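All remarks here apply to the structure that follows.
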Amino acid sequence: MSSWNGLESIGHNFLTGRLEDFVKWCRYNSMWPATFGLACCAIEMMAAGAAEFDLARFGMEVFRPSPRQSDLMIVAGRLSQKMAPVLRQVYDQMMEPKWVISMGVCASTGGMFNNYAIVQGVDEIVPVDVYAPGCPPGPQTLIHAILTLHEQVRTGEIMNRRASRAGAIEIGTEANVSGWTQSLPNPTRVGTPK
């Protein structure tokens, strides 16, 4: 009798290859974003969901009010120190796999608010997968960032990057902000779309 080891014992073949492609297709065509608009960038995020730009063509027409129904967090705007624990709690409640887009210069680097009250980059609190530049970035830039994330999910690059990141954490390379310890991200920076 041969022992059954589950799906790990099956090599990469026609059936499993197609199943992997199908799962990736489902993931990038049905991302459900969580609402986390903090400042003026949130107006541009809302405009991206309106009829003129129509996020519905990407399967993202409804911004979910509950983190348990979301797998994509778009952090739009500056993040204050008081709001950081709430952001982390919402991120922790999201289902796996989960992704984060940092929208705008304030969310990405703290922007012009270089003071004690503003977190100097949302990547100090949660791992960011794609940065969308601008002050505020327009809906086109957000859609470009979403399409970049879709491409990473489709090719499997983002999962490979996360797996290598999880295995390569060294002592002293972690950020500790307000009681949280998490590894430094390896994000994709998006330029201005043409």
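The residues in segment 30-66 that are touching a residue at least 40 places away in the same chain (Cβ under 8 Å), out of contact with any Pro (no Cβ under 9 Å at 6 or more places or on another chain) and closer than 17 Å to Glu96 by Cα can be counted, and the count is 3. When the residues of segment 17-58 are filtered to those that are over 16 Å from the mean Cα position of the chain (by Cα) and of a type in the set (Gly, Ala, Ser), the one that is farthest from Gly138 (Cα to Cα) is Gly17.
Within the set Met94, Met60, the sole residue that is surrounded by 19 or more Cβ atoms within 10 Å (Cβ to Cβ) and over 19 Å from Met45 (Cα atoms) turns out to be Met94.
Checked against (1) under 11 Å from the mean Cα position of the chain (by Cα); (2) modelled with pLDDT of 85 or more; (3) crowded, with 20+ Cβ neighbours inside 10 Å; (4) not charged (D, E, K, R), Pro127 passes all but a single condition, namely (3).
The values are calculated or read from the model by the stated rules, or taken from the named source; none is laboratory data. Remember, it's a predicted structure, so these values are computed and weren't measured experimentally. Every residue, glycine as well, gets a Cβ built from its backbone with ideal geometry; the counts of neighbours run over all protein chains shown.
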